[in-house]
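The values are calculated or read from the model by the stated rules, or taken from the named source; none is laboratory data. In this text, all values refer to a predicted model and were calculated from it rather than measured experimentally. Here Cβ is always computed from backbone atoms with ideal geometry, including for glycine, and neighbour counts include all displayed protein chains. Keep in mind that these areas ignore ligands, DNA and RNA; they rest on the heavy atoms of the full protein, side chains included. Shrake-Rupley method; radii C 1.70, N 1.55, O 1.52, S 1.80 Å.
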Amino acid sequence: MASFKFFRAALLALLFGTCAILAHATPSAAEDKLIDTLIQRVSKMSAMVFLRNGNEYTAADAAKHMQAKYDHFKKELVTAEDFIERCASRSEMTGQAYKVKLNDGVVKDANEFLNAELRALRQQVKKASG
């Protein structure tokens, strides 16, 4: 019986400790730099249209919106993928997915598009450091 109480107390301590760590999560310096680079990359995609809640936005406006959401949710994020999922893929208000209209008129989910851009950025970092 005593071992069960010890096990239960240890499990609760682990659970609360994990929650405390996650509650104060922030991206590492490397992930923060990737997120900033991704936002800057988006801001320069001038021929592209971003679709948010049924409205069209320029790349510069989309980047400003992503930056504002990143500033707001930064303490809840750990990775650049978290950033894309939480700040650049869907509306917090409506739940609608963001879209991207490419130069050739093809419309893609912003999540898919931005994750592809992130993979390209990670490859560039890997080549530069390796």
Residue hits (region 31-50; under 18 Å from E85 (Cβ atoms) and either β-branched (V, I, T) or open to solvent by 50 Å² or more (accessible area, probe 1.4 Å) (or both)) are I35, D36, T37, I39, R41, V42
S91 fails exactly one of (1) modelled with pLDDT of 95 or more; (2) closer than 25 Å to V125 by Cβ; (3) of a type in the set (S, T, Y), namely (2)
Checked region 77-109 for anything under 10 Å from the mean Cα position of the chain (by Cα), of a type outside the set (A, V, I, L, M) and over 11 Å from L51 (Cα atoms); matches are T79, E81, D82, F83, E85, R86, C87
Screening N103, N53 for residues that are open to solvent by less than 80 Å² (accessible area, probe 1.4 Å) and either touching a strand residue (DSSP E or B) at 6+ places or on another chain (Cβ under 8 Å) or of a type outside the set (S, T, Y) (or both) leaves only N53
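Please determine whether any residue of region 76-87 is open to solvent by less than 60 Å² (accessible area, probe 1.4 Å), charged (D, E, K, R) and closer than 18 Å to A120 by Cα. Spell out how you get there, then give the answer.
The initial filter retains those residues of region 76-87 that are open to solvent by less than 60 Å² (accessible area, probe 1.4 Å), namely 77, 79-80, 82-84, 87.
In the following step, the residues that additionally are charged (D, E, K, R) were identified as 82.
Those still in the list that are closer than 18 Å to A120 by Cα too: 82.
Taking every residue of region 76-87 in turn, at least one turns out to be open to solvent by less than 60 Å² (accessible area, probe 1.4 Å), charged (D, E, K, R) and closer than 18 Å to A120 by Cα.
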